[in-house]
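Here's the structure we're looking at; comments come further down.
The values are calculated or read from the model by the stated rules, or taken from the named source; none is laboratory data. Owing to the predicted nature of the structure, the values given are computational and were not obtained by experimental measurement. Counting neighbours? That spans all protein chains shown, and the Cβs are built from the backbone with ideal geometry, glycine included. These accessible areas exclude ligands, DNA and RNA; they are computed on the full protein's heavy atoms, side chains included. Shrake-Rupley method; radii C 1.70, N 1.55, O 1.52, S 1.80 Å.
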Amino acid sequence: MTTSTAPLAGARQGRGIAASTVQERRRSPRDWRGWIFVGPFMAVFALTFLAPVLYSLFLSVFQTKLIGGTQFVGLDNYVQAFTDPKFLEGAGRVTLFLAVQVPVMLTLALAAALAIDSRRLAGASFFRIGLFLPYAVPGVVAVLMWGFIYSPRMGLTGNINDLLGADVLAPFSPPWILVAIGNIVTWEFVGYNMLIFYAALRTIPEELYEAAALDGAGQFRTVRSIKLPALRGAITIATIFSIIGSFQLFNEPNILRSLAPSLISTYYTPNMYAYNLSFLGQQVNYAATIAIVMGVATAVIAYVVQLRGMRREQR
Amino acid sequence: MTTPTLDRLSERSSSWLAPRSSKLLTAAMSLFVIYSLLPLAWLTISSTKTMDSLFGSFGLWFDGPFALFQNIHDTFVYQDGIFLRWFGNTLLYVVLGAGGATALATLAGYGLAKFVFPGKRGVFAVVLGAIAVPGTALAVPTFLMFSQMGLTNTIWSIVIPSLISPFGLYLIWVYAVDSVPTELLEAARVDGAGELRTFFTISLRLLVPGVVTVALFSIVATWNNYFLPLIMLSDPNLFPLTIGLNQWNQQASGIGSEPVFNLVITGSLLTIVPIIIVFLYLQRYWQSGLSAGSVKQ
């Protein structure tokens with residue numbers, strides 16, 4: 001389930017890390033003391049990460065039938081998944097979500113980080129905290145809040161529609177429900193991504209700006225030639241986390257479902273499908289298969305993003 | 001690029017030292033912040049309304065009797081005060097889960113940054129690969145495994161999976177590489193200090209901003225946790241706030257429905273207040289961590 005080359009490629013992205021490895025090589029290579037520190041983490045990790053992955057791989061090659069009980073079926077579950085219209089519909093939906101929501105959110109986050117870092121903003125720290133605050137709000141509360149706001153009966157949506165005299169805003173309608181979910185996710189995570197970018201901007205040495213100013217570079221030139229290149233690693237990481245978040249989409253649609261049950265099906269996203277298969281349908285083996293397919297798809301896309309990020313860095 | 005004259009040079013560099021603030025930029029960012037804070041304002045205002053005035057009043061202004069204290073009282077006594085129980089459960093999961101996750105990630109990140117040991121490359125590969133594996137993809141298999149081990153519907157089914165934060169490990173590792181000088185560790189070794197003692201007396205202090213950051217993210221993640229308790233727990237007495245609030249919310253629909261929207265809204269407000277306080281409080285440490293990071297270059 002995990003790819004072994006991707007993480008090492010990621011490791012090389014940190015500047016300081018390559019240098020420290022060279023430094024460490026000078027010391028004796030057979031030194032077990034590091035395990036004092038890494039051991040406890042790895043023990044729990046094996047129980048909570050590796051064991052479930054192996055267990056779900058194991059589950060995914062079996063099927064429980066009314067006649068004959070549990071049988072080894074090889075890749076039958078995987079074949080079923082790739083021809084299952086419900087799964088494909090959900091996978092298509094999260095892909096569409098990813099293609100639209102992630103660029104919008106990251107562009108907003110990047111613009112905000114550059115604005116806060118530009119030193120041309122009055123009260124920059126207020127903006128930083130204000131934008132990040134939604135991240136501290138539990139996802140359930142965020143969805144409940146926006147769900148109420150969206151509601152035509154007691155929310156702001158109803159107020160705005162009354163004001164305009166027509167049902168202009170209709171978040172709970174087929175064309176808009178995915179946008180409504182995208183808005184909640186953007187609201188929750190835009191500040192978090194802004195902070196990742198902002199932290200990376202803060203590591204740019206002052207001398208670089210001074211040198212750029214000496215060369216007569218203006219604000220935009222500085223952004224293009226110094227800030228954006230310095231942000232490459234952070235952008236790659238933020239993109240990977242956002243992709244993971246999109247593919248995992250569960251909380252927001254699952255909670256909104258109680259407000260709009262006719263618009264959000266039980267297989268709206270692959271994660272909701274896997275959840276409903278295992279808890280309502282008792283189809284444990286097939287649920288494990290869906291989880292694995294989505295995990296592999298996520299890892300592959302994350303790997304591709306990482307490779308692209310690296311290639312740009314080498315240029 | 002043209003060679004700058006002396007005048008332009010001094011003008012440019014001074015504009016970096018004390019740039020004027022831009023009204024346009026401030027206005028644009030103000031709109032952005034309003035978007036961020038609007039739902040929180042709505043929540044705060046709505047928590048002062050009774051069930052009746054929630055409907056049919058403008059969402060962003062006060063209306064009807066001021067019922068905040070009545071709502072808070074009702075939230076705490078509704079269903080024999082189960083809200084307080086959920087609050088305590090959430091705290092317990094945060095202390096054990098996020099506390100444990102921070103400790104394990106700090107130790108391991110430090111170990112990876114400052115030691116060469118057999119199997120290090122393998123640890124890198126597996127742990128950083130795990131960042132790309134969706135946590136929720138693991139939730140269903142973890143549930144199936146835990147139910148065989150008899151751990152479901154216990155606090156351990158929430159705490160144990162919360163103990164691992166690959167991202168936290170990554171953060172500490174990146175942070176420790178630069179912030180703990182290898183020469184300092186070598187000096188301590190020459191003096192004969194053991195590795196654990198060196199860690200607790202010297203390194204940990206240098207790692208504080210990184211540790212606080214990881215703790216902050218772990219606290220938010222555990223406080224926020226929804227999917228894991230949703231599948232692991234069936235006993236309402238073990239629910240964290242997130243699951244409990246959603247259960248109240250769902251009471252509004254279905255047969256024999258008993259809508260308690262005012263309690264859901266007030267309960268939501270009470271849920272976010274502590275986490276926002278923690279965040280704002282830790283932010284001070286964290287800002288120093290950020291600026292330390294920028295000075296270091």
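If you go through region B:44-86 one residue at a time, how many are within 26 Å of residue B:240 (Cβ to Cβ), outside any helix (DSSP H, G or I) and aromatic (Phe, Trp, Tyr)? Summing the residues that are within 26 Å of residue B:240 (Cβ to Cβ), outside any helix (DSSP H, G or I) and aromatic (Phe, Trp, Tyr) in region B:44-86 gives 0.
Could you check, for region B:59-73, whether at least one of its residues is in contact with a Gly (Cβ under 8 Å, 6 or more places away or on another chain) and within 29 Å of residue B:230 (Cα to Cα)? No. The residues in region A:119-134 that are open to solvent by 10 Å² or more (accessible area, probe 1.4 Å) and either acidic (Asp, Glu) or more than 7 Å from every other protein chain (Cβ to nearest Cβ) (or both) can be counted, and the count is 5. Those residues that are more than 28 Å from residue B:178 (Cβ to Cβ) and among the polar types (S, T, N, Q), I need them from region A:203-222; list them, please. A:219, the sole residue that qualifies. Candidates are the residues of region A:268-291 that are open to solvent by 30 Å² or more (accessible area, probe 1.4 Å) and more than 20 Å from residue B:246 (Cα to Cα); the one that is nearest to the other protein chains (Cβ to nearest Cβ) is A:284. Here is the figure for region A:60-87: residues that are open to solvent by 80 Å² or more (accessible area, probe 1.4 Å) and in a helix (DSSP H, G or I) total 5.
For region A:292-304, a residue qualifies if it is at the interface with chain B (Cβ under 10 Å from one of its Cβ atoms), of a type outside the set (Ser, Thr, Tyr) and open to solvent by 30 Å² or more (accessible area, probe 1.4 Å), and the qualifying residues are A:296, A:297, A:300, A:301. Taking region A:144-236 and the helices (runs of 4 or more DSSP H) fully enclosed by it, the elements with 1 or more residues that are in contact with a Gly (Cβ under 8 Å, 6 or more places away or on another chain) and open to solvent by 10 Å² or more (accessible area, probe 1.4 Å) are at A:156-164, A:177-202. Within region A:266-312, being at pLDDT below 80 and outside any helix (DSSP H, G or I) holds for A:280, A:281, A:282. The set of residues in region B:145-202 being among the small types (Gly, Ala, Ser), open to solvent by less than 30 Å² (accessible area, probe 1.4 Å) and either assigned to a helix (DSSP H, G or I) or not assigned by TED's automatic domain parsing to the domain that holds residue B:221 (or both) consists of B:157, B:162, B:168, B:176, B:179, B:188.
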